[in-house]
Amino acid sequence: MKVLVVGSGGREHAIVWALSKSPKVTELFCAPGNAGIGQLATCVPVAATDVEGMVAWAKEHQMDFVMVAPDDPLALGMVNAFAEAGIPAFGPTKEAAVIEASKAFSKELMHKYHIPTAKYATFKDMDEAIAYVHTQGAPIVVKADGLALGKGVIVAATEDEAVEAVKSMMADNKFGASGSTVVIEECMTGPEVTVLCFADGEHISPMPSSQDHKRAFDGNKGPNTGGMGAISPTPYYTDALADRCLKEIFEPTMAAMKAEGRPFKGVIYFGLMLTPEGPKVVEYNARFGDPECQALLMRLDTDLMEILEACVNGTLDQLDIRWKQEASCCLVLASGGYPAQYEKGKVIEGLDQVENAVVFHAGTAAKDDNVVTNGGRVLGVTALGSDLEDAIQNAYVAAGPIHFDQMHFRKDIGHAF
């Protein structure tokens with residue numbers, strides 16, 4: 001099969017890496033890709049959000065299958081466009097991707113179908129939102145309704161912080177149109193866990209648990225990022241909790257989306273909070289998380305291409321998906337200044353000295369026979385281990401030889417929850 005992966009980050013490199021091992025895949029392409037992806041697939045200079053351009057390229061080059069990985073093209077309806085062109089594509093339709101693209105929609109869905117989540121209110125008027133903050137008090141959570149690169153969530157410790165967050169979204173347009181509507185939630189407490197699930201519109205197959213580390217600095221301090229590292233599994237997610245989440249959250253969400261005429265096919269991401277009252281949904285995503293994807297695909301023991309096809313064809317229940325018993329850790333190496341301003345074009349050294357790990361490229365480019373930085377999150381050093389501590393240690397040891405100017409990373413991945 002000739003397969004095209006849409007995207008250019010660490011998640012996409014992990015997907016390309018997994019697909020490159022499939023005997024079903026004869027030719028592999030990625031648009032637009034990056035320097036690391038280019039070692040496994042042919043990179044195509046089409047922007048991930050260029051729906052018409054992507055479909056036209058896939059038709060011209062006779063792709064047999066497309067995997068749409070990032071949130072933006074999913075929200076724009078890229079899977080719909082491929083369906084209209086007669087090319088099988090993995091991922092939710094625009095109608096189903098709204099579960100991530102609109103936090104207001106997802107909260108209303110959970111409320112309507114009694115899926116446990118935080119108490120919330122949705123606002124289009126800034127003054128009403130600010131008044132609500134003052135009636136509820138702090139800590140409180142302010143969320144931009146739309147997509148915001150994983151950064152549109154502010155956990156405000158004080159009412160003043162919450163008001164500032166509302167103003168930055170609704171008056172200052174910090175996240176553009178994504179912040180024209182805000183969702184304000186109670187601040188839940190407890191460990192956070194991510195569970196991603198393969199879905200075919202009818203059936204759901206949970207992956208092992210994982211855990212992202214969103215804050216930029218050690219001790220969960222600093223601004224939110226797209227993710228500074230991930231582990232799998234998380235020690236908090238027991239078999240009993242997994243069974244409860246399947247019955248109370250995962251299956252009801254699938255049934256709710258089907259009932260709404262928006263059957264979900266692809267990867268659905270459940271961000272969970274293990275509160276004293278039980279597990280509750282923090283957020284949904286409509287695709288693999290990044291860097292959770294890197295940690296999870298290292299543990300996958302089934303042909304990824306077979307899974308993607310089963311999700312598209314509605315035959316997921318006929319597939320026995322196997323996972324390695326080993327744990328995994330993905331450590332993100334980031335540009336100095338990320339997630340705020342950072343410089344690009346720094347030469348990356350030591351990649352050829354890494355042992356016992358896979359280095360997934362996120363923000364890289366090839367220049368003058370060198371690999372250089374080309375984004376905020378640059379690399380995801382991902383290792384397996386006999387247990388979680390072993391995997392964490394292996395990832396940090398593997399990252400040792402890698403260096404670029406102003407590189408920074410967290411020292412406590414897997415130890416700060």
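The values are calculated or read from the model by the stated rules, or taken from the named source; none is laboratory data. For clarity, every value in this text was computed on a predicted model and none was experimentally measured. Cβ coordinates were reconstructed from backbone atoms using ideal geometry, including for glycine residues, and neighbour counts include every protein chain displayed. For the accessible areas, the whole protein counts, side chains as well, though only heavy atoms, and no ligand, DNA or RNA atoms are used. Shrake-Rupley method; radii C 1.70, N 1.55, O 1.52, S 1.80 Å.
Starting from the Cα of E202, move 7 Å in the Cα-to-Cβ direction to define the label point; list residues of region 301-337 whose amide nitrogen is under 12 Å from there.
313-318
Using θ = phi - 60° and the Karplus form 6.51 cos²θ - 1.76 cosθ + 1.60, what ³J(HN,Hα) does each residue of region 187-196 get, whole Hz, x for Gly and Pro?
Listing the rounded values in order: 8, 7, 10, x, x, 9, 9, 10, 10, 9 Hz.
For the chain, set up a GNM with springs between Cα atoms under 10 Å and report which of V281, V153, V381 has the largest fluctuation.
In this elastic network of the chain, the residue with the biggest mean-square fluctuation among V281, V153, V381 is V153.
Normalised radius of gyration for region 277-417, please: alpha carbon Rg relative to 2.2 N^0.38 Å, two decimal places.
1.20
Tell me, what % of the accessible area of region 234-317 is carbon and sulfur with a 1.4 angstrom probe?
47
What's the extension gain from A85 to E60 if we count 0.36 nm per residue and subtract their Cα-Cα distance?
Stretched out fully, the A85 to E60 stretch lengthens by 7.9 nm.
Loop-only trypsin sites (Lys or Arg not before Pro) in region 1-54, please: DSSP not H, G, I, E or B, and at most 13 other Cβ atoms within 10 Å.
Filter output for region 1-54: K21.
So how do 397-407, 337-347, 224-234 stack up, highest first, on mean other-Cβ count within 10 Å?
The peptides rank, most packed first, as 224-234, 397-407, 337-347.
Just to make sure I understand: if all protein chains stay in place, what is the order of H408, H415, H213, H114 by accessible area at 1.4 Å, largest first?
In descending accessible area the options line up as H114, H415, H408, H213.
Quick one: which of 369-378, 253-262 comes out on top by average Cβ neighbours within 10 Å, and what's the full order, highest first?
Per-residue Cβ counts within 10 Å, averaged per peptide and sorted highest first, yield 369-378, 253-262.
Based only on the alpha carbon positions, what is the Kirkwood hydrodynamic radius of region 1-108, in angstrom?
It works out to 13.9 Å.
For the pairs K214/K247; K143/K221; K112/K265; K143/K174; K94/K280; K221/K367, flag any whose C-alpha to C-alpha distance is greater than 23 Å.
Over 23 Å apart, Cα to Cα: K214/K247; K94/K280; K221/K367.
Going 7 Å from the Cα of E27 along its beta-carbon direction, which residues of region 39-79 have the amide nitrogen within less than 20 Å of the resulting point?
The answer is 39-47, 53-68, whose backbone nitrogens lie closer than 20 Å to the label point.
Reachable aspartates and glutamates from K2, Cα under 15 Å, same-chain residues fewer than 8 places away excluded?
E27, E60, D64, E306, E309
Using alpha carbon centroids, what distance separates region 153-175 and region 1-79, in Å?
Comparing the Cα centres of region 153-175 and region 1-79, I get a distance of 36 Å.
Using the eigenvalues of the Cα gyration tensor, what equivalent ellipsoid semi-axes result for the chain when each is taken as the square root of five times the eigenvalue, whole Å, largest first?
Working through the eigenvalues yields semi-axes of 30, 26, 22 Å.
Give the aspartates and glutamates whose C-alpha is closer than 12 Å to that of K324, dropping any in the same chain fewer than 8 places away, or say none.
Partners found: D301, D387.
Rounded if a/c is under 1.5, else prolate if a/b is larger than b/c, else oblate: which is region 159-260, with a ≥ b ≥ c the root eigenvalues of its Cα gyration tensor?
oblate
Suppose R0 equals 25 Å. What FRET efficiency, 1/(1 + (r/R0)^6) with r the Cβ-Cβ distance, do H403 and T275 give to the nearest 0.05?
E between H403 and T275, to the nearest 0.05, is 0.05.
Using label points projected 7 Å from each Cα along Cα→Cβ, tell me how many nm separate E389 and N356, to one decimal.
1.5
With a 1.4 Å probe and all protein chains left in place, how much of the accessible area of region 80-218 comes from carbon and sulfur atoms, in whole percent?
After summing per-atom areas, the C and S share lands at 53 percent.
Using a probe radius of 1.4 Å on heavy atoms only, what accessible surface per residue do you get for the chain? Whole Å² is fine.
On a per-residue basis, 40 Å².
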